[in-house]
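Peer 1: My questions all concern the structure below.
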Amino acid sequence: MKNSETINEHGGPSLSSTGKLKDKVTNFNSKGTIIFDEKYGTIKFERRLAQPKEMIWKSITDINEISKWLPNYKGTFEGYNGGSINLVNTVSGSGVTGNILVCDPESVLEYEWRIAPSPMFPIGEPESLIRWELKDDENSSKNVILSMTHRRLTKPTTLLFAPGWHVYLDRLEASLDNKIIPDWLQRLGEVKELYTSS
C-alpha cells in the first residue's frame, strides 16, 4: 500500500494509567496507526498480551466472548473456515455481513466487514476487511503479539473507526485480564484526540 498520508504514527497525546491525557505518547503499542492511499484507509493496531494464544483466539472467534468487548453488535459470527458473519450494531442500526476468508486457528483470522448503507454510512462500506494475527513475541516468551488491521475503508469511516477500535481493543485486553471493562463512550472521549488529523 502506498503511504500518501499517515496520521498519529508517532507523537500526539496519550493516556496515563489513570486515564488522563498526557502531552507525549509513552506507550506506542496501544495506539493505532492510520494509513491512506489514493482510494482507501487502513487502521492498524498491535497489542502485546500475556494470555495464551488459545484464550486470545477464542476471544476473537467465539460470539459469546466477542460480545464481552464488542457489546453493541448482535447476531451471528461463525469464526471458522467457510463461516460467515451477520451482525447489527444495536446503537447505530447499521448491519454488517461478510464471509470468513482466512482461518488458521491461533494464527490468522480474516473476514469481510461489509457495512450496509444506513443514515450513519450513506454509501456503506462494501469492501472493508478485518485481519487478526497472533504471533509469539520474540522479546518475551510470556507474551503474544495481537495485530488487528481494518482495511479498504473510506477516509471518513477510517477516521471515525480508529478511536472506536482503540476502545474495543482496550476492552478486549481488560476482558482477557479479567479486569473491569472500560465504558465505551467514556473511553472513546479519552482516546479520540489520538486520532485527529495532523
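Peer 1: Between residues in the range 151-179 that are basic (Lys, Arg) and residues that are assigned to a helix (DSSP H, G or I) and crowded, with 21+ Cβ neighbours inside 10 Å, which pairs lie under 8 Å by C-beta distance while being six or more apart or on different chains?
Peer 2: Once the first residue is basic (Lys, Arg) and sits in the range 151-179, its partners that are assigned to a helix (DSSP H, G or I) and crowded, with 21+ Cβ neighbours inside 10 Å give Arg171/Trp69; Arg171/Arg187.
Peer 1: Which of the numbered conditions does Phe121 fail, given that it passes all the others? Conditions: (1) within 16 Å of the chain's Cα centre (by Cα); (2) closer than 21 Å to Lys192 by Cα.
Peer 2: (1)
Peer 1: Can you report the number of residues in the range 141-178 which are surrounded by fewer than 17 Cβ atoms within 10 Å (Cβ to Cβ), of a type in the set (Lys, Arg) and either at pLDDT 95 or above or in a helix (DSSP H, G or I) (or both)?
Peer 2: 1
Peer 1: Mind listing whichever residues of the range 33-86 are among the small types (Gly, Ala, Ser) and outside any strand (DSSP E or B)?
Peer 2: Ala50, Ser59, Ser67, Gly79, Gly82, Gly83
Peer 1: Is there a residue being of a type in the set (D, E, K, R), touching a helix residue (DSSP H, G or I) at 6+ places or on another chain (Cβ under 7 Å) and within 17 Å of Glu46 (Cβ to Cβ) anywhere in the range 166-177?
Peer 2: Yes, the range 166-177 contains at least one residue that is of a type in the set (D, E, K, R), touching a helix residue (DSSP H, G or I) at 6+ places or on another chain (Cβ under 7 Å) and within 17 Å of Glu46 (Cβ to Cβ).
The values are calculated or read from the model by the stated rules, or taken from the named source; none is laboratory data. Being a predicted model, the structure only gives us computed values, none of them experimental. Counting neighbours? That spans all protein chains shown, and the Cβs are built from the backbone with ideal geometry, glycine included.
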